[in-house]
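Before any comments, here is the structure.
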Amino acid sequence: MLGFGKAFDVAFKPDGVLAFVVTATLFMWAFYGLAILISSLLRSKMSVMLITAGVLLGSYIFSSLSRIVEKLQGYDKYSLFYLYNPEELLRSGNIQLTHLVMLLIILGIGLAGAVTIFNKKDV
């Protein structure tokens with residue numbers, strides 16, 4: 001990993017790799033929770049995949065636009081990508097506890113909602 005950082009002139013701490021892995025895993029699980037919730041509402045696999053990919057892509061585009069467009073700069077906190085900043089994680093090695101908690105809450109809401117909906121459906 002150190003050679004990779006030197007090759008691309010990127011400074012990062014070894015602790016940053018651990019912070020990156022932990023946060024990236026929770027970020028993926030948060031989207032997994034959303035996908036499970038959506039799949040409990042819809043029957044078509046393709047619809048679930050398209051909606052989940054749309055939420056992911058839309059959140060990324062909104063995050064990017066909030067950094068570029070001056071009027072949107074205060075709204076970057078409403079994107080899921082605000083909770084996951086790989087560059088900062090690799091550079092500092094510091095994990096924001098509030099971001100991890102928010103990702104766990106999103107996962108929990110998705111899973112709890114899916115279980116509730118699945119239990120109320122006729123099989």
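Counting only residues that are in a helix (DSSP H, G or I), within 16 Å of A24 (Cβ to Cβ) and touching a helix residue (DSSP H, G or I) at 6+ places or on another chain (Cβ under 8 Å), how many does the range 58-97 have?
12
Under 7 Å by Cβ, and 6 or more places apart or on different chains, what pairs join a residue from the range 76-87 that is touching a residue at least 12 places away in the same chain (Cβ under 8 Å) with one that is of a type outside the set (G, A, S) and surrounded by fewer than 16 Cβ atoms within 10 Å (Cβ to Cβ)?
D76/R67; F81/Y60; Y82/D76
What number of residues within the range 93-115 satisfy the criterion of being among the small types (G, A, S) and surrounded by 15 or more Cβ atoms within 10 Å (Cβ to Cβ)?
Number satisfying all stated conditions: 4.
Just to check your reading of the model, which residue among V101, V55, V21 is touching a helix residue (DSSP H, G or I) at 6+ places or on another chain (Cβ under 8 Å), at pLDDT 90 or above, in a helix (DSSP H, G or I) and not charged (D, E, K, R)?
Step by step, each of V101, V55, V21 is checked, and only V55 is touching a helix residue (DSSP H, G or I) at 6+ places or on another chain (Cβ under 8 Å), at pLDDT 90 or above, in a helix (DSSP H, G or I) and not charged (D, E, K, R).
For the range 44-64: of the residues being hydroxyl-bearing (S, T, Y) and surrounded by fewer than 15 Cβ atoms within 10 Å (Cβ to Cβ), which is nearest to the chain's Cα centre (by Cα)?
Y60
Could you identify the single residue in L41, L83, L89, L72 that is under 19 Å from L107 (Cβ atoms), among the hydrophobic types (A, V, I, L, M, F, W, C), modelled with pLDDT under 90 and over 12 Å from the mean Cα position of the chain (by Cα)?
L89
Looking at this structure, is L34 modelled with pLDDT of 90 or more, surrounded by fewer than 15 Cβ atoms within 10 Å (Cβ to Cβ) and within 28 Å of N119 (Cα to Cα)?
no
Evaluate the range 62-72: report whether one residue or more is aromatic (F, W, Y) and within 20 Å of G16 (Cβ to Cβ).
No: zero hits.
What number of residues in the range 97-123 are of a type in the set (S, T, N, Q) and under 18 Å from K77 (Cα atoms)?
Residues meeting the conditions: 1.
Could you run through the range 24-52 and say how many residues are not hydrophobic (A, V, I, L, M, F, W, C) and not in a helix (DSSP H, G or I)?
Selection size over the range 24-52: 2.
The values are calculated or read from the model by the stated rules, or taken from the named source; none is laboratory data. Bear in mind the structure is a predicted one, so any value in this text is a computation, not a measurement. Note that each Cβ is placed from the backbone with ideal geometry, even for glycine, and that neighbours are counted across all protein chains shown.
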